[in-house]
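Participant: Below is the structure I would like to discuss, written out as structure tokens.
Read the figures in this text as sums done on the coordinates, not as results from a lab. From a predicted model like this one, the values you see are computed outputs, not experimental measurements. Here Cβ is always computed from backbone atoms with ideal geometry, including for glycine, and neighbour counts include all displayed protein chains.
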Amino acid sequence: MAVYARRAETRTLHPAWTYMLRDAGGSLWGTLVFALALVSPGYCAGWWADLRGFRTRGLMEQVAWSVALSFGLGTLPLVAIVWLGGMVAGEVVLVVLGVVAGVIFWRHRPPVDVSRREFRLGLIAVAGWTALVLLSLVDWGIGSRLWMSVTSYDHGLRTAFVDAVMRTGVPTVNPLYWPGQDVSLRYYYFWYVTCGVVGRLAHISARQALIASCVWPVFGIGAMLALFERYMLGWGGEELRRKWSISIVLLAVTGLDIFVAVFNGFSSSFQGDMEWWSIDHVASWVDTFLWVPHHAAALICCLLAMLLLWMGSEEERRKVRVKMAVIAGISLAGAFGLSTYVAVATGLVLAGWVCWEMFPERKVRMLECVCVAALVAGVTLLPYLLQLLHSSGAGGTSAHVLGFGVRQMLDPDLLSGVTAIELLKLHHPFAATQVVAGVLLVPGYVIEFGFFAVVLVVMQRRRGLIEDGERTLLVWVWVGLVAATFVRSRVIATNDYGLRAILLPQFLLLPLAVGVFERSAGWLRRVLIGLAVIGVCGSVYQVAMLRAFLPWQEKHGNPLMADLAERNYALRAAYAALRGRMPESARVQYDISEGGYFGAARMLENNHQAISSEEPCNVSFGGDVARCRGIQRGIDRLFPGKWEMAPSAAEAGALCDALGADALVATRWDGVWGDSDGWVWKLPAVVEQPEVRVVACKGLREDNEPY
């Protein structure tokens, strides 16, 4: 084992605001570097394939195709390059593609199809959105506290995944569980590979790379809106610019959730995220971008594939159809590695579309495109699927990943006391659950969709008067709703499939909503405007609560948030001091008796492998449960309760050897901190700060320096 440190880190702590500025600056720089991954590959591919006359298109259409194709065609090849050549190869490829794209663009500058005013407004919008993401996700440093966002609850895991990619490459090692050897990450990790390569290239931390990645999916969604409206709806010129601007504004419109959230807040308690009032909620767009950028990225890939397959069904030239189908297949394969659930939902929508299409000649072309795309997706995904199967282990997830189940929107207790329901619960509990969910489905969707629920009703009533593109979008919406309503995931209690599959109809309703709004008049227009205003207020409220909830809860004495900002600052300072003082391959263990936001704070900046990140062992991301019980006993022994005696230095060293840990992290909030004879104060410190000690537990050299 390499020498960890010549002396413990005892420097004066940096003020909390310095970490805030460091993260903001690193994330902003990472946002710019992401252009190498999410613009240049698509630009090179579009130029090479000359897709839809790419080379002769105007600047804005080239940008739209470049962003869309970078998500669709750049994701899977980048993973393959890192898998075969390592992280450095991925960095080199991105730089080379950026240079090539820059040279081509300079030599063949496209006509500028946007006015100076529109360009300035676009820059302001991009800057505003970037600032919103940074303000929402970066920890706010005030005094000796670092205030976390509610999104940190999930970002702790996602940061650990990005860091694992940066340390181990592909196949990625599960950073949350180490049962005696490295185990492959069993998850859709493609987005974290992109984040990891960009993070390494930009020399920023895993968390900064993840925050930067949350900025980009909205640009991909904007690109797909422009392409759908241009090619499926036939809009162009000034009409396209006007209607596209409206559809972008509609991204800020969510449902009627704000009424339920505020009512629940005053009647019982407020929640950190406005969506949490519903069991199987429909997330707002801002919520999706801030919490789960990888699902939004998968949606972009799927939308690109659907658009190309629709265009292929309209194309008479077989060579062009095959080209579009191949690109669609690679994009679908990339989507599967970004979010398996979104990709599966897209497959169901495409299957429903094939069954619905009524024109024989077009149906043949459509089947040809879909079959080619499916074949390409299957072949290109084969290595990834084999790796997932190989890493499933004895602790694999449920054999039945998906199954039948009605989406549960509203609290089923609303129908408690209904005699028929109570009798059904006694004899057929599962059937009773499905009946209750079905009865509450329509009011649930009305609340969740709000403005867009009215749009869907209007479109359905006018279905005989709409064009072919709108008709296809409407069919996709209905099939997507069915796929997201009557199929659910069964791996964990949360219906992850339903939460993400609903993204498809959410997007498809955006261009339809523009047409409905512009054709509306009188009372219908007033209703739509009113619902849109309510939806925007909901999004604003949601963003504010994500930022303010944790400080507010801590201030009002919630024991689950006690000293959270202070702990976060202490851990951040300790991990910053530890960085570079231990090798990346070292394994660092901390107390896992407290989960939630405390657990997230321990994971957010720890750039080392953990033996176990939570209790019980988290094997859902890779590894079997064979050693879990022994690992948990060892960690519990190292970190006993407040009134229990801590192990001695010798005992802790033996436990570390048994677990495979190289260092231990103790804070003043851990029970072992108060035992002056325990390992916390007897083992040599690698980092020693007022509220945190990181100690080496692999023995001492002859000069009393830790190994």
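Participant: Per 0.36 nm of contour for each residue apart, how much would the distance between ARG668 and SER593 grow if the chain were fully extended, relative to their Cα-Cα spacing?
Facilitator: 25.6 nm
Participant: Measure off 7 Å from each Cα along the Cα-to-Cβ vector at ILE104 and VAL354, then give the distance between these two points in nanometres to one decimal.
Facilitator: Result: 3.1 nm between the two label points.
Participant: Can you list the trypsin sites (Lys or Arg not before Pro) in the range 314-386 that are in a DSSP coil and have 15 or fewer other beta carbons within 10 angstrom?
Facilitator: ARG317
Participant: Order 589-597, 38-46 from most to least packed using the mean count of other Cβ atoms within 10 Å.
Facilitator: Ranked by mean Cβ neighbours within 10 Å, highest first: 38-46, 589-597.
Participant: Against the longest alpha carbon principal axis of the chain, how many degrees, from 0 to 90 and to the nearest 10, is the axis of helix 237-249 turned?
Facilitator: That works out to roughly 40 degrees.
Participant: Separate question: Among 499-506, 309-316, 464-471, what's the highest-first ranking by average C-beta atoms within 10 angstrom per residue?
Facilitator: With the highest mean Cβ count within 10 Å placed first, the list reads 499-506, 309-316, 464-471.
Participant: Mind ordering 116-126, 686-696, 160-170 by average Cβ neighbours within 10 Å, highest first?
Facilitator: In decreasing order of mean packing, 116-126, 686-696, 160-170 become 160-170, 686-696, 116-126.
Participant: Could I ask something else about it? Using r as the Cβ-Cβ distance of GLU651 and ALA626, and R0 as 22 Å, what FRET efficiency do you calculate, to the nearest 0.05?
Facilitator: FRET efficiency, GLU651 to ALA626: 0.35.
Participant: Taking a Cβ-Cβ separation under 4.7 Å as the criterion for a possible partner, which cysteines of the chain have none?
Facilitator: Here CYS44, CYS195, CYS214, CYS301, CYS302, CYS355, CYS369, CYS371, CYS537 come out as lacking a disulfide-compatible partner, given the Cβ-Cβ threshold of under 4.7 Å.
Participant: Okay, next question. In nanometres, what is the gap between the two model label sites at HIS556 and GLU239, each 7 Å from Cα along Cα-to-Cβ?
Facilitator: Going by the 7 Å Cα→Cβ label model, 5.2 nm.
Participant: Roughly how many Å is it from the Cα centre of the range 283-312 to that of the range 17-55, as a whole number?
Facilitator: Comparing the Cα centres of the range 283-312 and the range 17-55, I get a distance of 17 Å.
Participant: Something else: Need one number: nm distance between label points at VAL126 and VAL249, each 7 Å from Cα along Cα→Cβ, rounded to one decimal.
Facilitator: 2.2 nm
Participant: Cα-based Rg (one decimal) and Dmax (whole number) for the chain, in Å?
Facilitator: 26.4, 87
Participant: Once you have a ≥ b ≥ c as the square roots of the Cα gyration tensor eigenvalues for the range 1-156, tell me rounded if a/c is under 1.5, and otherwise prolate or oblate according to whether a/b is larger than b/c.
Facilitator: The shape class here is oblate.
Participant: Moving on. Return the percentage of antiparallel bridges among DSSP beta bridges fully within the chain, rounded to the nearest 5 %.
Facilitator: Given both bridge residues lie in the chain, the antiparallel proportion sits at roughly 75 percent.
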